[in-house]
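Engineer: Below are the structure tokens for one structure; questions will follow.
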Amino acid sequence: MAISLDLPLGDIKAIVAVFVVTLVAMKMITTMKKKRYNLPPGPWGLPLVGYLPFFGPMPHVTFTEMRKKYGDVVSITMGSWPAVVISGCDAIKEALVTKRDDFAGRPAFTTSVLLNDGRNFGFGAYGPVNRMQRKIVSNVVYTFSNARKNPIEDIIRSDAKIIVEEFLSHGGKSFCPLEQLSVAASSMVYQLCYGRLRNIREDEDFLETVRQTNNFSEFTKAGNPVDVMPWLRYVMPSKISKFLELLKMSVDVRSKKVEEHESSFHESDLRDIADGLIHAGNNLSKEEKALGLDKNRVVENLDTVFGAGTSTVSSNLKWFVGLMATFPEVQEEVFQQINDVVGQDRDITLADRTQLPLLEATLYEILRFIGTVPFAIPHSTTCDTTLQGYDIPEGTVVLVNLYSAFMDEKVWGDPKIFRPQRFLDSEGQLDRGLVEQVPAFSLGRRRCVGEVLARMELFLFTGTLIQRLKFFKPPEQPDFELKQNFGLTLEVQPYNVCVIKRE
């Protein structure tokens, strides 16, 4: 129920009293922890809100600069939550790989709890159930993104060819490509989840899924203040009611598709990820059932697969087109390698990857240079632990600043320069050692289960575009510049580009 602005004096006094008690309690807890723990250094925050007002419009940049003063592990307060910010490859790997179980938790944020009451493996608490659930989903995603068992290559190339025709329909005149690329990214993941469709851009279920995904992403892109200041749910109830409304719409769309699949399901003919998860739910082992897993819980993860698979790929495709127009010399070098290896008479396949190292290097450089995913989804500590010599208490919120690894001068030398060749060794092949320094899909227990699929999509889709199209800046826009919007991913602000056909 919303709180009226016209409150009785007694209620106002009660609210003030709650705030004062909360403030005193936070101060006492902070003081006790400082006496008990060797906490990392960090800046002071404000009562109730902590360091939140100082995050700035680009928190990843703020924290990367903060690293210069305080080091790789920094203590801050996020509203009601004690937190640490981890920066740099060494500290990130120590936390997420070396001590992966200690840092594998998720904060009990309000929206995370509401998200299927923690049943979603991406946001659920870490433990045996979560590990088993993740294993099931990972196996299913791998199976249906494996080119030997599923026509995923055809799906990706078909969507890329649709984009080629849509881009060429502008006749070389400038246009904004963002919406078309967003739809293409959604289309690829949707068909992997629910089966191939011939006229997907006319399918009402798909269009409704895209609408709901866009609405949910827009609402959550900058985070929900109720998560870090839970008392705000009584002051800003709309933040919860809107979240629940969007969540219900997403569940309704997914439930409809699952019901359709169940009506035509055959154990011997698994057509897509939805069938794969239904199959897994029907064949849970005694051990899995004993842990509390059931079919519904397994199938619910379709939402996670679709949402995660869409956002990262969509963002990277948008940056790719803009950056190819910005750096025509890189675009031409990539095209020449594709032309030498593949030519114009056949489609690019995954088998070409080892022979197209510059295309892969360019995709890694975009992940690094832009920092498409600046932060991992917040972690939390599952026990009292240590990091870089500091004590990190159980239940601490952990912000993993991936962007700091992408911009580390000790690793990259000139991180603010777009230079894909940095990922090639002396023989012109992909430098696997440097690739490992780009944890764009996170690391450890919470590493993205769709990473293999996302890399496939980006390679085939962008390769098809460069093979057939040439991108360049609009002649009427001499001040062409790509700018960022901060959110769950670093989205590029709308821009125009010109496209012509490769001859």
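The values are calculated or read from the model by the stated rules, or taken from the named source; none is laboratory data. Predicted model only: the values in this text are computed from it and were never measured. For neighbour counting, all protein chains shown are included, and Cβ atoms are generated from backbone atoms with ideal geometry for every residue, glycine included. Only protein heavy atoms, including side chains, enter the accessible area calculation; ligands, DNA and RNA are left aside. Shrake-Rupley method; radii C 1.70, N 1.55, O 1.52, S 1.80 Å.
Engineer: Quick one: which of 133, 180 is within 27 Å of residue 251 (Cα to Cα), modelled with pLDDT of 90 or more and out of contact with any Ser or Thr (no Cβ under 9 Å at 6 or more places or on another chain)?
Structural biologist: 180
Engineer: Additional query: May I ask you to list pairs of residues, at least six apart or on different chains, whose Cβ atoms are under 7 Å apart, with the first in segment 342-363 being over 19 Å from residue 424 (Cβ atoms) and the second being assigned to a helix (DSSP H, G or I) and open to solvent by 20 Å² or more (accessible area, probe 1.4 Å)?
Structural biologist: 347/157; 349/153; 350/153
Engineer: Just one of (1) touching a residue at least 24 places away in the same chain (Cβ under 8 Å); (2) over 21 Å from residue 393 (Cα atoms); (3) among the aliphatic types (A, V, I, L, M) trips up residue 48, so point out which.
Structural biologist: In the conditions (1) touching a residue at least 24 places away in the same chain (Cβ under 8 Å); (2) over 21 Å from residue 393 (Cα atoms); (3) among the aliphatic types (A, V, I, L, M), residue 48 misses (2) alone.
Engineer: Same structure again: Among the helices (runs of 4 or more DSSP H) confined wholly to segment 337-413, which include 1 or more residues that are under 22 Å from residue 321 (Cβ atoms)?
Structural biologist: Details: elements: 357-366, 402-406, 409-412.
Those helices (runs of 4 or more DSSP H) span 357-366, 402-406.
Engineer: With segment 82-190 as the region, which helices (runs of 4 or more DSSP H) entirely inside it contain at least 2 residues that are within 28 Å of residue 283 (Cβ to Cβ) and of a type outside the set (Asp, Glu)?
Structural biologist: Fully inside segment 82-190 and qualifying: 128-144, 152-168.
Engineer: Continuing with the same structure: Where residues in segment 478-503 are among the aliphatic types (A, V, I, L, M) and within 20 Å of residue 440 (Cα to Cα), which of them is nearest to the chain's Cα centre (by Cα)?
Structural biologist: Out of the qualifying residues, it is 488.
For every residue, the table says whether it meets (1) surrounded by fewer than 20 Cβ atoms within 10 Å (Cβ to Cβ); (2) farther than 23 Å from residue 409 by Cβ; (3) polar (S, T, N, Q).
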residue	(1), (2), (3)
56	yes, no, no
85	no, no, no
93	yes, no, no
137	no, yes, no
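Engineer: Mind listing just one residue for me: the one in segment 301-320 that is among the aliphatic types (A, V, I, L, M) and open to solvent by less than 10 Å² (accessible area, probe 1.4 Å) and, of those, modelled with the highest pLDDT? Quick ask: steps written out before the conclusion?
Structural biologist: Taking segment 301-320 as the starting set, the residues that turn out to be among the aliphatic types (A, V, I, L, M) are 302, 305, 308, 313, 317.
Still in the running and open to solvent by less than 10 Å² (accessible area, probe 1.4 Å): 302, 313, 317.
On the way: 302: 87, 313: 93, 317: 97.
Among them, the one singled out is 317.
Conditions tested, residue by residue: (1) at pLDDT below 95; (2) of a type outside the set (S, T, N, Q).
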position	(1), (2)
360	no, yes
364	no, yes
373	yes, yes
378	yes, yes
385	no, no
390	no, yes
393	no, yes
410	yes, yes
419	no, yes
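Engineer: Within segment 11-21, can one find any residue that is part of a helix (DSSP H, G or I), surrounded by 12 or more Cβ atoms within 10 Å (Cβ to Cβ), among the aromatic types (Phe, Trp, Tyr) and modelled with pLDDT under 90?
Structural biologist: Taking every residue of segment 11-21 in turn, at least one turns out to be part of a helix (DSSP H, G or I), surrounded by 12 or more Cβ atoms within 10 Å (Cβ to Cβ), among the aromatic types (Phe, Trp, Tyr) and modelled with pLDDT under 90.
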